[in-house]
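Peer 1: Take this structure, written in structure tokens, and hold onto it; I'll ask about it next.
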Amino acid sequence: MDQIAVEAGLTKRTLYNNYDDKRALFLDVVTDIVAFAESFAQELRHDLTADVSAERLDATLRALGRRLAAGIMREEVIALRRLLIGEAKEFPALAADYFDRAPAAVIEALASGFDRLAKSGLLRVSDARGAAAQFAYLVVGEALDRAILTGTLPSRARVAAAVDDGVETFLARYRTARTMKR
């Protein structure tokens, strides 16, 4: 709590006036990140239902991948995931709740959107959830693992390049003849 107070520019007294202990602060931080992820998942649902055309599919998925990477590759999200891993024995339900309400919710939002794109003939998807997990891991997987394990975020340029490569790989698997570039 001393270190948190110093880094937040607060006195320890102010910190304890707002949080009884480290556990209460931890729970509040997790709640904030989960709220951000839930909002993000709702936005994804909208983005994948808004006028996506065959001509705009590549650009739409690249923009989606960049938003996804930007939402995940944030210092506070990486720090929280590292903390949840470290505290999983003490807070197993919290880690499970975070997974269900953040990463899993994003995957489900992507799956819902990919299912709609498949129904409209823009993607060839038989397992929307599997396609969503592949998309997410193609655009952020390696960078996310590196950030969680080392605590170091890659450059924006490196993340953008990974997104572009991931989207290209995703489309190589799921693109329909209707969306092939001519």
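The values are calculated or read from the model by the stated rules, or taken from the named source; none is laboratory data. Since this is a predicted model, take the numbers as computed values, not measurements. As a convention, Cβ positions derive from the backbone with ideal geometry for all residues, glycine included, and neighbour counts pool all protein chains shown.
Peer 1: Could you check how many residues of segment 4-45 are assigned to a helix (DSSP H, G or I) and either acidic (Asp, Glu) or under 13 Å from the mean Cα position of the chain (by Cα) (or both)?
Peer 2: Final tally of qualifying residues: 15.
Peer 1: Do we have ALA136 as surrounded by 14 or more Cβ atoms within 10 Å (Cβ to Cβ), closer than 23 Å to THR49 by Cα, in contact with a Phe, Trp or Tyr (Cβ under 7 Å, 6 or more places away or on another chain) and not polar (S, T, N, Q) here?
Peer 2: no
Peer 1: I've got another one for you. For segment 161-182, give me the residue count where each residue is surrounded by 13 or more Cβ atoms within 10 Å (Cβ to Cβ), more than 17 Å from GLY65 (Cα to Cα) and hydrophobic (A, V, I, L, M, F, W, C).
Peer 2: Total satisfying the criteria: 0.
Peer 1: Only one residue in TYR98, TYR16 is of a type in the set (Ser, Thr, Tyr), closer than 24 Å to VAL159 by Cα and surrounded by 15 or more Cβ atoms within 10 Å (Cβ to Cβ). Which one?
Peer 2: TYR98
Peer 1: Can you name the residue in segment 139-160 that is closer than 15 Å to LEU68 by Cβ and free of Cβ contacts under 8 Å to residues at least 40 places away in the same chain and is also surrounded by the fewest Cβ atoms within 10 Å (Cβ to Cβ) among such residues?
Peer 2: The residue in question is ARG156.
Peer 1: Would you kindly identify the helices (runs of 4 or more DSSP H) lying entirely within segment 56-118 that contain at least 1 residues that are farther than 21 Å from THR31 by Cβ and either in contact with a Leu (Cβ under 9 Å, 6 or more places away or on another chain) or modelled with pLDDT under 90 (or both)?
Peer 2: Fully inside segment 56-118 and qualifying: 57-72.
Peer 1: Give the residues of segment 28-52 that are in contact (Cβ under 8 Å) with a residue 60 or more places away in the chain and surrounded by fewer than 14 Cβ atoms within 10 Å (Cβ to Cβ), sorted by residue number.
Peer 2: GLN42, THR49 - these are the residues of segment 28-52 that are in contact (Cβ under 8 Å) with a residue 60 or more places away in the chain and surrounded by fewer than 14 Cβ atoms within 10 Å (Cβ to Cβ).
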